[in-house]
Amino acid sequence: MLRCKELVARSSDYLDGQLTLGENLLARQHLLFCKNCRCFIKQMRLTQATIKALPEAPVDDVEKIVQRMTAAQRSDDTP
Amino acid sequence: MSVDDETHLLERLLRSDQQAFSELVTTYQGAMRAVAYAILGSRQADEAVQDAWLAVVRGLPGFQRRSSLKTWLLTITANAAKNRYKQNRREVLLDDLPSPHGTVGDERFAGDGHWLLAPSAWHEDSPEALLSQDELRECLEHTLLSLSQLQSSVLVLRERQGLELEEICNLLGISLSNVRVLLHRARLKVFATLEHFEETGQC
C-alpha cells in the first residue's frame, strides 16, 4: 500500500495524468482510505485553479510593439 | 481562441489592421514571455519576444495553419530565444531556490511515511474567494517571483496557458521527467504559501 509521503510525491503526476495504470490504481486506493491525502489533493487542485486565476501582468508597451510590427509588414510589402 | 476567431484575426492581420495586432499582442505576449524567460532568463527575454514578433509579421503570409496560432507563435518564440541563447543552461536546469514559505517537505511526515502534520481544512474553497484578499495575492506573486526561471515558466505554461506537458518539453527542449519535477516543486511551493496564509492569516 502506498504511504502518504509517496502519494504526495506523486501528486502532480496524479493530477497531470502521468501515472501508469498500476500507479494510478494505487493512488486511488490510497485516497479512498486516507482523509488527509484527500484533503491534500483537493487543496492541490485549488492551488492549480488559483494560479490559473491570478491576474496576468498587463503588457506595458503594446502600442510600441504594434508600431514596430506594422512598420516591418510595410517594409516587407515594398521591397 | 476558436478556429473561426483565428481565421478572422488572421485575415485582419494580413490587412495590417492595427487593432488586430493589438489583440494578438495582448493575447499571446504572456505565454510568449514565459517561453522566452524559461530559455533565457529575465535579462534577454523581452528582446527575444521582440525578435519573435518581427518574425511573426514576416511569417504571417506563409502561415499554413498546420498548428494552432498559439502553438505557431510559441514555436517562433522558442526559436528566437534559442537564437539568442549562448551559454549552457543544463547546469541550472533543476536549480531549486528557497521559497518564502518552503514546500511540503520530509518534516511533514513520520518515519513510517504517514502525515505528521496533516493538511487542515482551509477557510476558502474557491480561487475567487482566495484571491479577493489583496494580501494573499501579493504574497502569491512574491512566491512566484522566488521560483527559478524554469520552474516559474513551466508553472505558467501549464496552469495559466493550459499547455500539455509534451508541448512544454518540445518548446523548452527539456525532458518530460524534468518538466514533471519542475512542475511538482513549483506547485508545492505555491501550495505552502496558500497553506501558510490560511493557517496564520498573514504572508
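A short reminder: the numbers here are calculations on the coordinates, not readings from a lab. Everything numeric in this text was worked out from a predicted model, so none of it was measured. Using ideal geometry, Cβ is built from the backbone for each residue, glycine included, and neighbour counts are taken over all protein chains shown.
Before moving on, here are some points about what is shown:
- Degrees separating the helix A:21-33 axis from the principal Cα axis of chain A, which is the longest one: 60 degrees
- Across the cross-link table entries A:K5/A:K35; B:K82/B:K189; A:K64/B:K189; A:K42/B:K70; B:K70/B:K189, which are compared at the Cα atoms, the separations over 24 Å belong to B:K82/B:K189; A:K64/B:K189; A:K42/B:K70; B:K70/B:K189.
- Only the Cβ atoms of Lys and Arg (+1) and of Asp and Glu (-1) were treated as charged; on that basis the dipole of the protein assembly as shown about its Cα centre amounts to roughly 840 debye.
- Residues of the range B:111-144 with amide N under 20 Å of a point placed 7 Å along Cα→Cβ from A:F33: B:111-119
- Sorting B:F63, B:F191, B:F197 from the fewest to the most surrounding beta carbons within 10 angstrom yields B:F63, B:F197, B:F191.
- Folded to 0 to 90 degrees: helix B:18-40 orientation relative to chain B principal axis, Cα: 50 degrees
- Here B:K82, A:K64 are placed in order of increasing Cβ neighbour count within 10 Å, fewest first, which gives A:K64, B:K82.
- One way to sum up the overall shape of the protein assembly as shown is the equivalent ellipsoid from its Cα gyration tensor, whose semi-axes run 39, 19, 18 Å, largest first.
- C-alpha long axis of helix B:69-84 to longest principal axis of chain B, angle in °: 80 degrees
- Spatial offset of the range B:116-160 relative to the range B:37-64 amounts to 28 Å, using the alpha carbon center of each.
- Lacking any other cysteine beta-carbon closer than 4.7 Å, the following Cys residues of the protein assembly as shown have no compatible partner: A:C4, A:C39, B:C169.
- Sites B:A118 and B:D95, calculated FRET efficiency, Cβ-Cβ separation with R0 41 Å, nearest 0.05: 0.85
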